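*Asks:* Once you've had a glance at the structure underneath, I'll fire off some questions.
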Amino acid sequence: MYRYDLTDKTLVRQRVAQFRDQTQRFLSGALSEDEFKLLRLRNGLYIQRHAPMLRVAIPYGLLSTRQLRALAKIARDYDRRYGHFTTRQNIQFNWPKLEQVPDILEELAEVEMHAIQTSGNCIRNITSDHLAGITPDELEDPRPWCEIIRQWSTFHPEFTYLPRKFKIAVTGAPQDRAASLVHDVGVHIVRGPNGELGFEILAGGGLGRTPIIGEVVREFLPREHLLSYLTAVLRVYNLEGRRDNLTKARIKILVRSLGIKEFKRRVEAEWQLIREEGLRVDEAQIARMQSHFQPPPYRALPNIAPDSGREAAFRAWYRYNTTAHKVAGYRAIFISLKKPGVPPGDATDTQMDLIADLADRYSFGEVRVTHTQNLLLADVEQGRAYELWQQLDRAGLATPNIGTLTDIICCPGLDFCSLANAGSIDVAKLINERFDDYDYIYDLGEIDIKMSGCMNACGHHHVGNIGILGVDKGGEEWYQITIGGAAGADASLGTVIGPSVPKAQVAETIERLLEVYVEQRGSEERFLDTVRRLGVKPFKERAYAAPIAA
Amino acid sequence: MPRRLLRNAEIVVDEWRYIAEAAADTAAPLIVTLTQWQLEPDIWLARGTPLGVVLSPADRVEQIAADLGVFTLIAAQFSGPGEGRGYTQARQLREQWNFTGELRATGYVRRDQLFFMARCGFNSFELPDSDIDDAREAFATFTAAYQPSNDAGLALKLRNTVAAPSA
C-alpha cells in the first residue's frame, strides 16, 4: 500500500498543529462558533446529537493492520470502544471530546492517517473497488490512480470552498463495486481506440434529495491528462455551480440544468486552456505510484475446495462470505459487520484488534473497508480459510450474510446524527429479527437493502434493491420504501411503492414484497430483475392489500 | 482611519481607495467595480491615477481580459465564508491572462484562508484590522503542498509534486 513520504508526513503533522491552534482559538473565544464550524468541517468534525462526531479518512478503504490497531486504540481511549464504518469506506467515532480531537489527530498522524476533507464543501475521500488489485475481471488496479487523485485533491488551494461537497470514485473493472454512477465524478479505467489504458469520465451522479445517475463527460481520456481534466471539471463547477441554494448546489444540478452536452463543451473548453500546463502525470510518476501497490508475495498454490466435507455452517459462510481471487489458491474473505442486533458497520475495539491480528496471520497485514460497510481480508490462502473462519466465528464476525437480505447498508440515523428524521439502526434490528431463517434468506439470493434516516441519503437508499428512507411525520418516525434500485454498472434509482409506513410495519411490508418475488420469479432471476420485469405494480398491490396489525 | 492590509506578507497602509472613499482623495489610486468600469471607462481613465477593478464572485475574468493593461490592481470580492469563486478567478488571472499586478482578496478574508489564497496567486489581503498582526503566521502553516501554485515562495520547487519520490 501507499507509504507516506516526507511531503505527506510534513503536511499531516502541520495539519494537526493548525487544527490544534484553531481549536484553541475557538475554546478561548477568539473564533466564533460559526467561524470554527467552517474550519472543523474541513477536518471531519461534526457537532452531533450527543457529542462531536469525528470522521477519519480511509483512502480508498485500504488499511494496514498498524492503522487498524490505531483506530481500535482511539475507540478505546477517546470513544465508547467502537467505531462505525461508512459507505464511503471511512470510519466515524461518535463520542470524542472536542478538546481531545487534536490529540486523536496526532495519534492518527503517527500511523499516516488524518481526517482532512472528510466533511465540508471540498473534495472528499477518494473511494474505489474493494476488490481492487485482486479481482479477475480488472483492467488495471485503480488504487495508484486513487492515490494520485488523493494527493492532488488534498488542500487543493482552488477547490477548498466549492459550492458543495464533491465525491470521486475510481474503478478498474467492468463491474462497478464503488457506486461510481452516483458520485459527483466517476473515473473508470477503460481501453482506448488502440488498446491503451485511459479513463472514461462521468459527472453529475448523486443521491440525496435529487438522486441522479451520472452521465459520460468523456468517453476516453489519455491517462496523463487525468488531473488536468479533473481540474477543468472542478473549475467549471466552482464557477458555475449554484451557491444560493444548498439543496441545488451539487454538480448534478449544474449538469442537469446545462445538459450534459453543454456541460461537456464548457469542460472541454477549459481543459484545452490548461491541458499542457504542469499537471501532466508522466509515465515515471505512474510507475512510481504503481510500485506502492505491488502484489504481496503469493505462494504457488493450486485451487482447492476447502468447503468439501466440512460442516454446513462453514460451507454457507464460504459460499457467501468469500469471493474469487485472480491468483490460484487464494480467496478474498469478507468479515460481515452485519450481525443481527449489532448496528450495521459497527466494530468494537477488541474486534478491530482481533481482525488486525488475523490480517497479519492470514492476509499480508492489510484490511479493506467495503462501501457496503463490511471488512475484507483480500489475500487468504484457500487452505487456511477453515481455521480463519473458526476464529472469526468465535468473535461473532462470521455472520454468513454477505450480499443477502440482512447485509443491510445503513446510516447512523436518528440515534446519532443531528440531520436524521428517523432511526435506522433499530429498523435494521427489526428486519433482522423478522428474517432470521437462513434457508429463506439464501433462497432469496442476491438482494440488498439500503436505508437512510433522512433525505441526505448516507445509506444510499435510492440505489438499494429495496430502499428505506426515514421521514418525520408529525413527530413520528415513518418509512418510505422503494424497490428496483441498483448501484452497480447497471445502476438505477428505485421507485417508491406507495405511502410511507410506521416503523412497526416496515418488516412486514418487506416480507410482502419478498412474497411477490418468490411467487413470480423466473429461474435464477434476482429480486432486482423481477422488479425490472414486472414493474412496481404487483409489489405495491400486495404491500398495501391488507392492513398490517400494529 | 487609514486601512491596513497585508501585501507581499508585509503590513502596509493601503494607498488605494474604493469609489465610496475617493471623494476626498482625488489623487489616490482608485478601485472601481466591473460595472462602473464597463459603463464609463473614459471617466475613470481621465482621472489620471492608477486604476484597479474589483470583481464580484459572479463576474468572469474574461470580462476584463481586453482591459487588463489598464489595471495595476485587481481585487476579488469574497462575499461570505463559503465563497470560493475568487480562488478560480485568481488562478485564471495569473495563469491564463498573465496578470502580474497586485491581486487582492477583499470581503470575507480570514487568516485560515490565506495559505490557499496565496497559492492561487493573491498577494494582498484585506483582513479585519484586529486580525492583521497575527495573520502572517498563516503563510507558514504548511511548508509543503501537492499542487503547482502561483505563490512565488512555494511554487517552483513544488511544481508537480504529485507522487514525488520518497525523501
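Values quoted throughout were computed directly from the atomic coordinates according to the rules given, and no laboratory measurement underlies them. Small disclaimer: the values here were computed from a predicted structure and weren't measured. Positions of Cβ are backbone-derived with ideal geometry, glycine not excepted, and every protein chain shown enters the neighbour counts.
*Asks:* Would you please report the Å³ per residue occupied by the convex hull of the alpha carbon atoms in the range A:299-369?
*Replies:* 115
*Asks:* How do A:280, A:88 line up, fewest other C-beta atoms within 10 Å first?
*Replies:* Exposure proxy ranking, most exposed first: A:280, A:88.
*Asks:* With N set to the residue count of the range A:151-220, report its C-alpha Rg divided by 2.2 N^0.38 Å to two decimal places.
*Replies:* Taking N as the residue count of the range A:151-220, the ratio is 1.20.
*Asks:* Please determine, in degrees from 0 to 90 and to the nearest 10, the orientation of helix B:111-120 with respect to the longest principal axis defined by the Cα atoms of chain B, where the helix direction is its Cα long axis.
*Replies:* Once rounded, one gets 90 degrees.
*Asks:* A further question follows. Roughly what % antiparallel, to the nearest 5, for the DSSP beta bridges in the protein assembly as shown?
*Replies:* Restricted to the protein assembly as shown, the bridges split so that about 65 percent are antiparallel.
*Asks:* Additional query: Grab the DSSP H runs of chain B that are 4 residues or longer, score each as -39,500 (n - 2.57), total them, divide by all residues and round the 222 nm result to the nearest 500 deg cm²/dmol.
*Replies:* So the helix-based figure for chain B works out to -6000 deg cm²/dmol.
*Asks:* Report, in whole Å, the centroid distance computed from the Cα atoms of the range A:314-347 and the range A:128-161.
*Replies:* Here the two parts' Cα centres lie 24 Å apart.
*Asks:* Continuing with this model, one more query. Counting DSSP beta bridges with both partners in the range A:134-291, what percentage is antiparallel, nearest 5?
*Replies:* Bridges in the range A:134-291 are about 75 percent antiparallel.
*Asks:* Separate question: Straight-line reach from residue A:537: which aspartates and glutamates have a Cα under 17 Å away, not including same-chain ones fewer than 8 places off?
*Replies:* Residue A:537 reaches A:511, A:515, A:519, A:529.
*Asks:* Rg and Dmax of the range A:413-550 over Cα atoms: what are they, in angstrom?
*Replies:* Radius of gyration, then largest Cα-Cα span, for the range A:413-550: 14.3, 45 Å.
*Asks:* Still on this structure, please answer the following. Using DSSP to call loops (not H, G, I, E or B), can you name the chymotrypsin sites (Phe, Trp or Tyr not before Pro) in the range B:1-49 whose Cβ has at most 14 other Cβ atoms within 10 angstrom?
*Replies:* When the chymotrypsin sites (Phe, Trp or Tyr not before Pro) of the range B:1-49 are filtered for loop state and at most 14 Cβ neighbours within 10 Å, nothing remains.
*Asks:* Any idea what diffusion coefficient the range A:6-110 gets from Stokes-Einstein, in µm²/s, Kirkwood Rh on alpha carbon pairs, 20 °C, 1.002 mPa s?
*Replies:* 151
*Asks:* Another question, then. What number in nm² do you get for the protein assembly as shown if you take the convex hull of its Cα atoms and divide its surface by four?
*Replies:* 33.2
*Asks:* Quick check for me: using +1 on Lys/Arg Cβ and -1 on Asp/Glu Cβ, what's the dipole size of the range A:250-323 about its Cα centre, in debye to the nearest 20?
*Replies:* 420
*Asks:* For chain A, just give the cysteines left without a disulfide-compatible partner, judged by no other Cys Cβ under 4.7 Å.
*Replies:* When partners are defined as cysteine Cβ atoms under 4.7 Å apart, chain A leaves A:122, A:146, A:410, A:417, A:454 without one.
*Asks:* What is the list of residues in the range A:74-92 whose amide nitrogen lies under 14 Å from a point 7 angstrom out from the Cα of residue A:339, following Cα to Cβ?
*Replies:* Flagged as within label range: A:82-83.
*Asks:* Let me ask another. Restricting to DSSP H runs of at least four residues, report the calculated mean residue ellipticity at 222 nm for chain A, -39500 (n - 2.57) per run over all residues, nearest 500 deg cm²/dmol.
*Replies:* -10500 deg cm²/dmol
*Asks:* A follow-up question, please. Given labels modelled 7 Å from the Cα in the Cβ direction, how far is it in nm from residue B:1 to residue A:269?
*Replies:* Using points 7 Å along Cα→Cβ, the separation is 4.5 nm.
*Asks:* May I pose another question? Which translational diffusion coefficient, to the nearest whole µm²/s, is obtained for the range A:134-291 from the Stokes-Einstein equation, given a Kirkwood hydrodynamic radius over C-alpha pairs, 25 °C and 0.890 mPa s?
*Replies:* D, rounded to a whole number, is 154 µm²/s.
*Asks:* Considering the alpha-carbon set of the range A:341-466 alone, what are its Rg and its Dmax in angstrom?
*Replies:* 15.7, 47
*Asks:* Too long at a 28 Å Cα-Cα cut-off: which of A:339/A:503; A:248/A:450; A:503/A:540; A:9/A:450; A:450/A:540; A:167/A:503?
*Replies:* Flagged as over cut-off: A:9/A:450; A:167/A:503.
*Asks:* For chain B, what does the relative contact order come out to in percent, with C-alpha contacts under 8 Å and a separation of six or more?
*Replies:* 19
*Asks:* Using the 10 angstrom Cβ neighbour count as an exposure proxy, how do A:342, B:109 rank, fewest first?
*Replies:* A:342, B:109
*Asks:* What does the charge dipole of the protein assembly as shown about its Cα centre add up to, to the nearest 20 debye, if the Cβ of each Lys and Arg holds +1 and the Cβ of each Asp and Glu holds -1?
*Replies:* Here the size comes out at about 260 debye.
*Asks:* Could you state the number of Å between the C-alpha centres of the range A:263-294 and the range A:528-550?
*Replies:* About 48 Å separates the Cα centre of the range A:528-550 from the one of the range A:263-294.
*Asks:* For the range B:1-152, what does the alpha-carbon gyration tensor say about shape, rounded, prolate or oblate, given a ≥ b ≥ c as the root eigenvalues, a/c under 1.5 as rounded, and a/b over b/c as prolate?
*Replies:* Oblate shape, in that a/c is at least 1.5 and b/c is the bigger or equal ratio.
*Asks:* Where does each of B:21, A:112 land when they are ranked from fewest to most other beta-carbon atoms within 10 angstrom?
*Replies:* By the 10 Å Cβ count, ascending: B:21, A:112.
*Asks:* Here's a follow-up. Take peptide A:236-246, look around each residue's Cβ out to 10 angstrom, count Cβ atoms belonging to other protein chains, and average those counts.
*Replies:* 3
*Asks:* What distance in nm separates the two pseudo spin-label positions at residue B:19 and residue A:518, each 7 Å out from Cα along the beta-carbon direction?
*Replies:* Between residue B:19 and residue A:518, the simple spin-label model gives 7.5 nm.
*Asks:* Distance from the Cα centre of the range B:108-125 to that of the range B:1-74, in angstrom?
*Replies:* 19
*Asks:* Another question, if that's okay. Compute the Cα gyration tensor for the range B:1-66, then decide on rounded, prolate or oblate, letting a ≥ b ≥ c be the square roots of its eigenvalues: rounded whenever a/c is under 1.5, prolate when a/b is larger than b/c in the other cases, and oblate in all that remain.
*Replies:* oblate
*Asks:* So, one more: If the only charges are +1 at each Lys and Arg Cβ and -1 at each Asp and Glu Cβ, what is the size of the charge dipole of the range B:4-142 around the Cα centre, to the nearest 20 debye?
*Replies:* About 340 debye.
*Asks:* Here's another thing I want to ask about it. Specify which residue in the list A:398, A:255, A:516 is farthest towards the positive end of the charge dipole of the protein assembly as shown, using unit charges on the beta carbon of Lys, Arg (+1) and Asp, Glu (-1), about the Cα centre.
*Replies:* Working it through, the farthest residue towards the positive pole turns out to be A:516.
*Asks:* Right, another one. Give me the Kirkwood hydrodynamic radius of the range A:77-149, using the inverse of the mean 1/r over all pairs of distinct Cα atoms, in Å to one decimal.
*Replies:* It works out to 14.6 Å.
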